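Enquirer: Supplied in structure tokens, the structure appears directly below.
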Amino acid sequence: MDTSKSKAGGTTPRRARLRVRLLDAMAEQTLVRIHRASDTTHRHEGYVVGVGSAWVLLAVLDPRIELDGWTALRLDDLLRVKRLGGPEAFPARALRRRGQWPSTAVPLDLDDDGELLRSAGRCAPLVTVHTDVLDASVCFIGEVVSVDDTTATLQTIDPDAVWEEHTDDWLLADITRVDVLGGYEGALALVALPRRGVG
């Protein structure tokens, strides 16, 4: 049973309260807007399709009123969850006409940082990693190469769909957001040549 514990092991009332709000939004198929502490300039809008003990998973709603991949956000990073409208509101009606309703989940582990990255690597050819606590202005896209207890290693790809000649490591604790199967990642995956092993 989840007890909504922080990294330090103590109960976090705000996290528990937001988690209940997210679970309610998922049950009611309500569009939400999420504000985060690590990136106060960016708002995340979408439908909650999964809530774990450490992460929440959104089916992302883009400005064209289309679903565009999935985003996992760290629960400890959330500031506010605003509910915007249910299954009869305009966005859901438009998605229904587009054949994109109801929103569905992808099989990501939302209870453990390392397992989240491993499962993301299994379900998507390219994964986007954000370390907003370090720099909210950049993100990193690549193939998940390995994950251990503290670190995720990616073979990154540049904006021209060319593989970098080296791998990059990130501390799991620094990762605040993980994106999979969005349109941009899909375009890069279509154009990229097969990856060669990097030592």
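The values are calculated or read from the model by the stated rules, or taken from the named source; none is laboratory data. None of these values were measured; they are calculated from a predicted model. For neighbour counting, all protein chains shown are included, and Cβ atoms are generated from backbone atoms with ideal geometry for every residue, glycine included.
Enquirer: Answer yes or no as to whether residue 185 is over 23 Å from residue 133 (Cβ atoms), of a type in the set (Asp, Glu) and touching a residue at least 12 places away in the same chain (Cβ under 8 Å). Before the answer, list the steps.
Expert: Details: over 23 Å from residue 133 (Cβ atoms): no; of a type in the set (Asp, Glu): yes; touching a residue at least 12 places away in the same chain (Cβ under 8 Å): yes.
No; evaluated as a whole, the condition is false for this residue.
Enquirer: Give the stretch 161-182 a look and list any residue that's part of a loop (DSSP other than H, G, I, E, B) and either free of Cβ contacts under 8 Å to residues at least 24 places away in the same chain or β-branched (Val, Ile, Thr) (or both), or say none.
Expert: 162, 175, 176
Enquirer: For residues in the stretch 12-39 being of a type in the set (Asp, Glu) and assigned to a helix (DSSP H, G or I), which is nearest to residue 131 (Cα to Cα)?
Expert: The initial filter retains those residues of the stretch 12-39 that are of a type in the set (Asp, Glu), namely 24, 28, 39.
Narrowing the set further to residues that are assigned to a helix (DSSP H, G or I) leaves 24, 28.
Numbers: 24: 28, 28: 31 Å.
Going through the qualifying residues, I end up with 24.
Enquirer: Mind checking which residues of the stretch 136-151 are surrounded by fewer than 20 Cβ atoms within 10 Å (Cβ to Cβ), under 17 Å from the mean Cα position of the chain (by Cα) and either part of a strand (DSSP E or B) or at positive phi (or both)?
Expert: Passing the criteria: 140, 143.
Per-residue answers, yes or no, for (1) touching a residue at least 40 places away in the same chain (Cβ under 8 Å); (2) out of contact with any strand residue (DSSP E or B) (no Cβ under 7 Å at 6 or more places or on another chain):
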position: 46; (1), (2): yes, no
position: 61; (1), (2): no, no
position: 64; (1), (2): no, yes
position: 69; (1), (2): yes, no
position: 81; (1), (2): yes, no
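Enquirer: Could you look through the stretch 101-116, keep only residues that are part of a loop (DSSP other than H, G, I, E, B) and without any contact (Cβ under 8 Å) to a residue 40 or more places away in the chain, and pick out the one that is surrounded by the fewest Cβ atoms within 10 Å (Cβ to Cβ)?
Expert: Residue satisfying both the conditions and the ranking: 107.
Enquirer: State whether the residues of the stretch 38-50 include one that is surrounded by 13 or more Cβ atoms within 10 Å (Cβ to Cβ), in contact with a Pro (Cβ under 9 Å, 6 or more places away or on another chain) and over 30 Å from residue 187 (Cα atoms).
Expert: Scanning the stretch 38-50, I find no residue that is surrounded by 13 or more Cβ atoms within 10 Å (Cβ to Cβ), in contact with a Pro (Cβ under 9 Å, 6 or more places away or on another chain) and over 30 Å from residue 187 (Cα atoms), so the answer is no.
Enquirer: Let me ask something else. Let me confirm something: among 154, 108, 73, which residue is under 13 Å from the mean Cα position of the chain (by Cα), outside the structural domain of residue 32 (by TED's automatic domain parsing) and modelled with pLDDT of 95 or more? Give the derivation first.
Expert: On the way: 154 fails: under 13 Å from the mean Cα position of the chain (by Cα); 73 fails: outside the structural domain of residue 32 (by TED's automatic domain parsing).
Checking each option against the conditions leaves just 108.
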